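Since every read-out is calculated from the coordinates, none of them should be taken as a lab result. Keep in mind it's a predicted model, so treat the numbers as computed, not measured. Note: ideal-geometry Cβ built from the backbone for every residue, glycine included; neighbour counts use all protein chains shown.
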Amino acid sequence: MHGHNEAEFLKEVAGFLGVYYLALAAMNMTAALYVWKSGKALRIVKLGGTAATTAHLWLLLGLVFLLMAPLGFSGDAATMRLVSVPESFREIINVAMGPMVYTVGSVVGLVVLFVLRRFFVKPTVAWIGLNASLLLMGLSMTDPDFADIVRKADNVPIVGLIFMLGFFTWLGAYRAIENDDRAKRGLPPVEAEQREKVLVWPDLVYIELICMVFLTAFLLVWAIVLKAPLEEPASAVKTPNPSKAPWYFLGLQEMLVYYDPWMAGVVLPSLIIVGLAAIPYLDFNKKGNGYYTIDERKFAYVMFQFGFLLLWVTLIVMGTFLRGPNWNFFGPYETWDPHKVEALNNVDLSEFFWIRWLHMPRPKAPDGAGILRTLAMIVYRESPGIVLLVGYLAIVPHALVLGSRFFRDLFARMGFLRYMVLANLLLMMMLLPIKMICRWGFNLKYFVAIPEYMLNF
Amino acid sequence: MASLSEIIRGSQIWKSVFRHPLPVDRRNRIAVILTNFFLHLHPVSIRKQGIALSYTWCMGGVTFFLFLVETVTGVLLMFYYRPTLEWAYQDILALRDVTSMGVMRELHRWGAHGMVITVWLHMYRVFLTGSYKPPREFNWVVGVILLLLTLLLSFTGYLLPWDQLAIWAITVGSNMARATPILGHEGPGAQLLTVDGISMITNASDARFGLLGARFVGEETLNRFYVLHCVAIPLAASVLMAIHFWRIRKDGGISGPL
């Protein structure tokens, strides 16, 4: 914490943490009451004559949080240590975290969630997951470096976004699995059972009214509790470090590490917009229209989640919370040190190819050569990358058709043009993680580097 | 003796505004939707599943509501705020420290962040329920453009407080326009537009210059972003929203199993 000593910092977060644990306690006790009253409590173990159910478990959790609340309110260093993530754990996380671990970890995490989705959507499991993440967040708030970034006023909505996305992804998957199970038994989706019509007045207008009242109250509280940020007056000569775009564009700013600005800032954002708009014209699957399902449109589901949750959201989270001065990567409990040096010597593919593998200088047109000759030599010099890229975008789609029944079927139903548009959009999307891994793993800078024409890829 | 409310509802003024008795029976509940300008956005009746929160998440509606909040708080803020180098920062300072109801700025800022989030969640729900499938393909496209406009609204508004956070975020965000292929002076192919050895694309004529109105983020940019933020983009978004809502009705209402 800059300019604060630890005691002052702990006092600052103490009020928040106390209320936070009280809220968690209330949340779990409400859950206990709900599962008990509704008869949805599941038996965990049988102890003698009585059975311990999830209602007891949530009640117990609520009591634990209730006990943590006064510790959180204390603001005293020794007491707060009891409700903190252990120092050693923080060290391990800081050291282990890097862009590679973070990104590959996110991929693995999402794959596990998807494959074992039937397990993770169980309300009991999901509730434990929610409690665990909220607890981890609370325990981390006593770390000054973590709290500094999370409490930044403009970052608060992103914390909200993470939890909301978690909730809605769960809700969508829960309803989809419910429908998928029904389909297996030959039943129509749940949505089809509610064809009965109701009048908009009162059934809908009252929902709208209540929503508006709640939202207004919520916004007012948020606006009163959290001040909008206002820094020093603008100065064209004092560049802040790090300089960050607004949070919703931080995924694009992260792409600047791997792509030149013309790709990261212009071509790829345009492709994202065009690709999104093209979805209804590329997804010819007639199933899954108007109800939640995963099994009936697995390919579309996985591709969308890959683009949205992984490439869009986790990159924003990384850009917001884990990228510090000089756009260096920092662990969640690490101090943002502007002097942290990351020695990186990134190398273009042509240098790998000609100099390191063939042990010869890169081809170069002699001085005073004509423009066509110079161009030809540039293309020759960059040919490894060009071949690789053309192969990736033109041959991979065909190879997929030849090698996989699924893609052969896609090709047959979509026709050449539509299939190639789909394949190229998806391949361009996949190129980002490929480039990221090439960068971190092999320090590869550009596949094709033509600085003469500012055309690096 | 008639009660006061009966007298009011029996008066000529009341009857000239509301053509029907209170919506307490089926006939008048239908009539109220048909005869009220604001309510006629809705159909008269709707499938039960179409109003289930667990199906719609209410995110489209919340986004629209936040747009209205942004409009109201935005207009109030415009009464105070002057988009000039001399006053912009001072006016925001005053809103924070002295102006009564300065909390409008917080409402406006958090509402804007909220709108970005809810518009994503709305897109997420529409995707997960496959609601972009025929006959609603084009409305999805309109929605994608509205998503883009929401981000641009937020982006242009980000500059207006004219503090360090604002100009550097916009500087970082708009620097990329320098590299626009052909039309940016640091973009690939910019040399193609060279006439008699004189480049047509310079830092005073390229895409970034068009966006900022200057070679760097300055007063021209502030004015340009202010007009975009308060007039141009909200107008465009309003038109598209009207189409978006109208098409929901024309495409068969909120999606559901066929």
task: Determine the shape class of the stretch A:1-83: with a ≥ b ≥ c the square roots of the Cα gyration tensor eigenvalues, call it rounded for a/c under 1.5, and otherwise prolate if a/b is greater than b/c, oblate otherwise.
output: prolate
- line: Between the alpha carbon centres of the stretch A:357-383 and the stretch B:43-58 the gap in Å comes to 64
D_trans [Stokes-Einstein, Kirkwood Rh over alpha-carbon pairs] for the stretch B:102-211, 25 °C, 0.890 mPa s, µm² s⁻¹: 145
- line: Sorting B:Ala242, B:Gly187, B:Val172 by the position of each Cα along the dipole of the stretch B:70-250 (Lys, Arg +1; Asp, Glu -1; all at Cβ), the one nearest the positive end of that ordering is B:Ala242
- request: Kindly provide the Kirkwood hydrodynamic radius of the stretch A:285-420 in Å, to one decimal, from all pairs of distinct alpha carbon atoms.
  value: 20.5
- request: Write down the Å³ per residue value for the convex hull defined by the alpha carbon atoms of the stretch A:349-456.
  value: 134
message: I'm checking a number: the convex hull volume of the Cα atoms of the stretch A:277-320, normalised per residue, in Å³. What is it?
response: 90
- prompt: Under a plain spin-label model, where a point goes 7 Å from the Cα along Cα-to-Cβ, how far apart in nm are A:Leu393 and A:Lys287?
  reply: 3.4
task: Calculate the length of the line joining the C-alpha centroid of the stretch B:72-144 to that of the stretch B:147-187, in whole Å.
output: 17
statement: Evaluated at 25 °C and 0.890 mPa s, the Stokes-Einstein D of the stretch A:365-413 based on the Kirkwood radius over Cα pairs, in µm²/s, stands at 186
Hz values of 3J(HN,Hα) by residue in the stretch A:210-225 - Karplus curve (6.51, -1.76, 1.60), Gly and Pro given as x: 5, 4, 5, 5, 4, 5, 4, 4, 4, 4, 4, 4, 4, 5, 7, 6
Per-residue mean of C-beta atoms belonging to partner chains within 10 Å, peptide A:215-224: 5
- request: Report the equivalent ellipsoid semi-axes for the stretch B:46-123 in whole Å, largest first, defined as the square roots of five times the eigenvalues of the gyration tensor built from alpha carbon atoms.
  value: 34, 11, 9
query: Over the stretch A:349-456, what is the mean sequence separation of C-alpha contacts under 8 Å (at least six apart), divided by residue count, expressed as relative contact order in percent?
result: 29
A:Ile450 long-range amide H proximity, modeled H, under 5 Å: A:Leu455, A:Asn456, A:Phe457
- prompt: In the calculated pair distance distribution of chain A, what percentage of Cα-Cα distances lie above 34 Å?
  reply: 50
- prompt: If we count every other residue with Cβ under 13 angstrom of B:Gly173's Cβ, Lys/Arg +1 and Asp/Glu -1, where does the sum land?
  reply: +3
- prompt: Helix-derived [θ] at 222 nm for chain B: sum -39500 (n - 2.57) over DSSP H runs of at least 4, divide by residue count, nearest 500?
  reply: -18500 deg cm²/dmol
query: Which of the listed residues, A:Ile149, A:Tyr34, A:Ile273, is farthest toward the dipole's positive end in the protein assembly as shown, when Lys, Arg count +1 and Asp, Glu count -1 at the beta-carbon?
result: A:Tyr34
message: Residue by residue through the stretch A:393-405, what is 3J(HN,Hα) from phi via Karplus (6.51 cos²θ - 1.76 cosθ + 1.60, θ = phi - 60°)? Round to whole Hz and write x for glycine and proline.
response: 7, 9, 8, 4, x, 6, 4, 4, 5, 6, x, 9, 5
Cα lying deepest toward the dipole's positive end in the stretch A:349-456, options A:Val401, A:Ile386, A:Thr374, charges on Cβ: A:Val401
Taking all pairs of distinct alpha-carbon atoms in the stretch A:52-191, Kirkwood radius in angstrom: 18.0
query: Mean projection of the alpha-carbon convex hull of chain B over all orientations, in nm²?
result: 21.0
query: Non-local amide H neighbours of B:Ser45 (under 5 Å, H modeled in plane, Pro and chain starts lacking H): which ones?
result: A:Val200
task: Output the pairs from A:Lys37/A:Lys197; A:Lys40/A:Lys184; A:Lys11/A:Lys37 with a Cα-Cα distance over 32 Å in this structure; if there are none, say none.
output: A:Lys11/A:Lys37
task: Over chain B, calculate the relative contact order: mean separation of alpha carbon pairs under 8 Å at least 6 apart, over the residue count, as a percent.
output: 17
- prompt: Tell me, what is the percent relative contact order of chain A, built from C-alpha pairs under 8 Å that lie six or more residues apart?
  reply: 15
query: Using alpha carbons only, how many degrees (0 to 90, rounded to 10) separate the axis of helix B:233-250 from the longest principal axis of chain B?
result: 40
- line: With N residues in the stretch A:187-236, Rg(alpha-carbon) / (2.2 N^0.38 Å) equals 2.19
Whole-number D in µm²/s for the stretch A:259-352 (Stokes-Einstein; Kirkwood sum over Cα pairs; 20 °C, 1.002 mPa s): 126
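Once you average over the residues of B:252-258, how many Cβ atoms of partner chains fall within 10 Å of each Cβ?
Mean inter-chain Cβ contacts per residue within 10 Å come to 5.
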